[in-house]
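Student: This is the structure I have questions about; it appears just below.
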Amino acid sequence: MVPLSWYIVLSAVLFSIGVFGFLVRRNLIMIFLSMELMLNSVNISFVAFSHYLQSMTGQVMVFFVITVAAAEAAIGLAILIVFYKNNPTLNSDEINLLKG
Amino acid sequence: MFETINMKILLPELILICTGLAVILLDLVLRKKETVAFIGVAGALLSAYYNFSLMSLGWSGAVFQNMFVLDGYSSFFKLIFYISLIITIFISLNYIKTERVSSGEYYSLLLFSASGMMIMAGAADFMVLYLGIELMSLSLYILAGIMRERRTSNEAAIKYFFLGAFSSAFLLFGISLTYGLTGTTSIIEVAEALNRLGPAGRNITLIAVIFFVTAFGFKVALVPFHMWAPDVYEGAPTSVTAFMSTGPKAAAFAVMGRVLFYAFGALQLQWSAIIEPLSIVTIAVGSILALSQTNIKRMLAYSAIAHAGYASIGFLPGTQEAFAAMINYLMIYIIVNLGAFAVVVIMRREGIMGEELSDYSGLAKKNPLVAFLMLIFMFSLTGIPPLAGFIGKFYIFMGAVEAGYTKLVIAAVIFSAVSAFFYLRVVVYMYMKEAAEPSVLIVPHSVKLVLAFTSIMAILLGIFPSVLLDFARASLLG
Amino acid sequence: MGIEMKEVVFIVVALLTVVPCLIVAFSRNILYSAFSLFFTLLGTSGLYFFLDAEFLAIAQVVVYIGGVTVLLLFAILLTKNIQEIKETNALSMKRAYFAGASSFILLASLIFLAVKEWKFFEAGPGTDYPFLTLNQLGELMLNKYLLPFEAASILLLVVLIGSLVIAKRAVK
């Protein structure tokens, strides 16, 4: 029997890698990939909890997270491509028309 | 096996969503685009009417297996959303014509976003809460980037999208930890489970609370998580900025209150300790950075950050009284802020951006009434008595002093004085400087209506402060 | 202490998930990263099978790998600019320290939870977990979780409208 804490550690590792990638990456698509990693790690923890608690709620939640993630991917990439058409860079350091 | 579903309680949301659908379809048929906007307003009014008549009939309660509630709490916030939505539609009428935004999609996305907020306010389950947040946010990402040809708008959409999605991931991790500990996602059951567990598993709950505060911190733009706000507010279309800085901000406060008070009420001391430094740093950074801004939208963005800081002071005492002061503050802030944005919107004319402070020079000569109203809004945002903004801040500070946060309140008052500099700078530009070039300022009728409503409210709520506060108190009770 | 077969399989699947994940976050080639994401998602799907969540495992493959990854590859190809890719794929060093510190704190605190507080996560079993999750999932979705289900469908409608708004041609 694999203990639950292994799954939590795995999920924590994935989440932290995702956060690191999100903060450190310059290319917008890579930032987007890191975000997907974070959502994915959350899903792992939900399913693991669901299994160990023997309750279906976690699985239903994951179902919705997957739906929303796909929706976000569609919107996010559409915004990204429109952005790229108007100013051909995906470097987050160069996106500084509005000074932050 | 299927319970009979009481759809009545969902009627306000359903009406708004159906209006959104109707708007996008009718836009194809109707020649006159204003009609579409008025359908949107009518839908919002109808939805508000149903919401409050259900409340007065005593139909409030939880439906869908305790997933969604209609109570005083959600109704108060829904009132904020209705005001924010209707005013935004009114100030958009001419603005989106100038910006050449296609009206059907614009209004329907506004309506969908507002229905997302209503779902957030009524959510009694983390699952519904998450979907409400996403429904609101996804509509807003698109609205921020709806001026496809403009680079600033693209940039605003990109930044808003990435930071919004980042914060959602934190929210989900918080939900996941809570679920792992308590075995449920229902807010009430989480509270029960936490009471049952007592001090056991506190570390897990604490980390979950930190994740929640981080996620909501992004949504309301508290300071370490605020960096997206000025860029997004500046780049997005002005009418959308007006909407974003009011409705969604209030919605984020609504879910923050719901989660912290109702689910994690047992950890009140801990989350107060987390929010306390955030609130004062937020006020400081928002007030100080606003001083150097020359773009009025950016200035109002930093002002919005500072105001989120003031509002979050209302969480600290953890009492219902302080929370009533907070929602009272939010209502006043959104009304005044919408008024200020209505002025910013009419400054945008064919060929003139009207976003720089220098564009306001000589406004008092050009249009004394608009300048005077802007003065009222600026004074009210500063918190000068007897205007509404003062009352809002006063109750918040009073609640915090009673709970022993005296030092924090003194610091907040000092920064409030600092904020007078940048608000009054707008007034100085309007009254003391000469206009660079003469240009006419036409105020559309719809915006006149908005200006009248917001300025009258800004004065009346200042003179009769107890009306709104009593309403807020009563809302929290039932 | 004997190591069970299940644990070995778990470790293999976990490695299959984590190693590509590292490539996603650190690789300099954007296409490598995208394909590594594919493997991470596949590994996750394997974990779902491991946890008796067959339907989710399939949904993961269909939606993520079939949908999101392909969408990503399209986005990469539509926005690819060879000279730029090389520059932008470098990690931003000035942010690396901050990012490293914050994600390390995050990781440490979560692992602390998992190791120290694990017993709280092993709470008593609920009742509604069936042997085959698919039927149960469908029933729950249309009964207990009807409201989020409907909310999700509105959300998808918004996305449909929204992506059209973003992608269509300018109004004349």
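The values are calculated or read from the model by the stated rules, or taken from the named source; none is laboratory data. Keep in mind that what you see is a predicted model, and the values were worked out from it rather than measured. Please note: Cβ atoms are built from the backbone with ideal geometry, for glycine as well, and neighbour counts cover all protein chains shown.
Student: Limited to the stretch C:1-16, what total is found for residues that are in a helix (DSSP H, G or I) and more than 7 Å from chain A (Cβ to nearest Cβ)?
Tutor: Total satisfying the criteria: 8.
Student: Restricting attention to the stretch A:36-47, and to residues there that are facing chain C (nearest Cβ under 7 Å) and more than 16 Å from C:F55 (Cβ to Cβ), which single residue is surrounded by the most Cβ atoms within 10 Å (Cβ to Cβ)?
Tutor: So the residue we want is A:L37.
Student: Continuing with this model, one more query. Looking at the stretch C:23-37 only, could you name the residues that are in contact (Cβ under 8 Å) with a residue 12 or more places away in the chain, assigned to a helix (DSSP H, G or I) and either touching a Pro at 6+ places or on another chain (Cβ under 7 Å) or closer than 21 Å to A:V19 by Cβ (or both)?
Tutor: Selection gives C:I23, C:V24, C:F26, C:I30, C:A34, C:S36, C:L37.
Student: Just checking, how many residues over the stretch B:432-478 are among the hydroxyl-bearing types (S, T, Y) and at pLDDT below 90?
Tutor: 3
Student: Using the structure shown, decide if B:A371 is among the hydrophobic types (A, V, I, L, M, F, W, C), modelled with pLDDT under 90 and part of a helix (DSSP H, G or I).
Tutor: no
Student: Which condition from (1) surrounded by fewer than 24 Cβ atoms within 10 Å (Cβ to Cβ); (2) touching a strand residue (DSSP E or B) at 6+ places or on another chain (Cβ under 6 Å); (3) acidic (D, E) is the one that B:E149 breaks?
Tutor: The one condition B:E149 does not meet is (2).
Student: If you don't mind, there's one more thing I want to ask. Looking at the stretch B:330-375 only, could you name the residues that are surrounded by fewer than 23 Cβ atoms within 10 Å (Cβ to Cβ) and among the aromatic types (F, W, Y)?
Tutor: If the condition is that a residue be surrounded by fewer than 23 Cβ atoms within 10 Å (Cβ to Cβ) and among the aromatic types (F, W, Y), then B:F372 is the only one that fits.
Student: So B:T184 fits all but one of (1) part of a helix (DSSP H, G or I); (2) at the interface with chain A (Cβ under 10 Å from one of its Cβ atoms); what number is the exception?
Tutor: Exception for B:T184: condition (1).
Student: Next up: From the residues in the stretch C:33-54 that are under 12 Å from the mean Cα position of the chain (by Cα) and facing chain A (nearest Cβ under 7 Å), which one is nearest to A:M56 (Cα to Cα)?
Tutor: Restricting to residues being under 12 Å from the mean Cα position of the chain (by Cα) and facing chain A (nearest Cβ under 7 Å), the top hit is C:Y48.
Student: Could you say whether any residue in the stretch B:386-400 is in contact with a Leu (Cβ under 8 Å, 6 or more places away or on another chain), under 21 Å from B:I274 (Cβ atoms) and either acidic (D, E) or modelled with pLDDT of 90 or more (or both)?
Tutor: yes
Student: Right, something else. Looking at this structure, is B:L441 over 27 Å from B:S312 (Cβ atoms) and among the aliphatic types (A, V, I, L, M)?
Tutor: The answer is yes for B:L441.
Student: Name the residue that is surrounded by the fewest Cβ atoms within 10 Å (Cβ to Cβ), counting only residues in the stretch B:26-64 that are more than 27 Å from the chain's Cα centre (by Cα) and free of Cβ contacts under 8 Å to residues at least 12 places away in the same chain.
Tutor: Here the answer is B:R31.
Student: For the stretch B:139-179, give me the residue count where each residue is of a type in the set (A, V, I, L, M, F, W, C) and closer than 30 Å to A:L53 by Cβ.
Tutor: 9
Student: In the stretch C:126-136, is there at least one residue being part of a helix (DSSP H, G or I), within 7 Å of another protein chain (Cβ to nearest Cβ), surrounded by fewer than 17 Cβ atoms within 10 Å (Cβ to Cβ) and at pLDDT below 80?
Tutor: no
Student: Next up: Every residue in the stretch A:1-53 that is within 17 Å of B:A169 (Cβ to Cβ) and assigned to a loop (DSSP other than H, G, I, E, B), please.
Tutor: A:R25
So that you can scan it fast, the table gives a plain yes or no per residue for (1) out of contact with any helix residue (DSSP H, G or I) (no Cβ under 7 Å at 6 or more places or on another chain); (2) closer than 29 Å to B:L260 by Cα; (3) modelled with pLDDT under 95:
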residue	(1), (2), (3)
B:G72	no, yes, yes
B:V101	yes, no, yes
B:S108	no, no, yes
B:A114	no, yes, no
B:G145	no, no, yes
B:S153	no, no, yes
B:A156	no, no, yes
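Student: Please specify each residue of the stretch B:415-441 satisfying the condition of being touching a helix residue (DSSP H, G or I) at 6+ places or on another chain (Cβ under 8 Å) and among the aliphatic types (A, V, I, L, M).
Tutor: Answer for the stretch B:415-441, where residues must be touching a helix residue (DSSP H, G or I) at 6+ places or on another chain (Cβ under 8 Å) and among the aliphatic types (A, V, I, L, M): B:V418, B:A420, B:L424, B:V426, B:V427, B:M430, B:A435, B:A436, B:V440, B:L441.
Student: With the condition being closer than 15 Å to B:A121 by Cα and either touching an Asp or Glu at 6+ places or on another chain (Cβ under 6 Å) or among the hydroxyl-bearing types (S, T, Y) (or both), I'd like the helices (runs of 4 or more DSSP H) fully within the stretch B:1-99 carrying at least 3 qualifying residues.
Tutor: B:72-99
Student: So which of B:I296, B:I280, B:I207 ends up being of a type in the set (V, I, T) and closer than 27 Å to B:A124 by Cβ?
Tutor: None of the other options fit; the residue is B:I207.
Student: Any idea which of B:E149, B:E192 is away from chain C (no Cβ under 12 Å), over 26 Å from B:A311 (Cα atoms) and out of contact with any Phe, Trp or Tyr (no Cβ under 8 Å at 6 or more places or on another chain)?
Tutor: The unique qualifying residue is B:E192.
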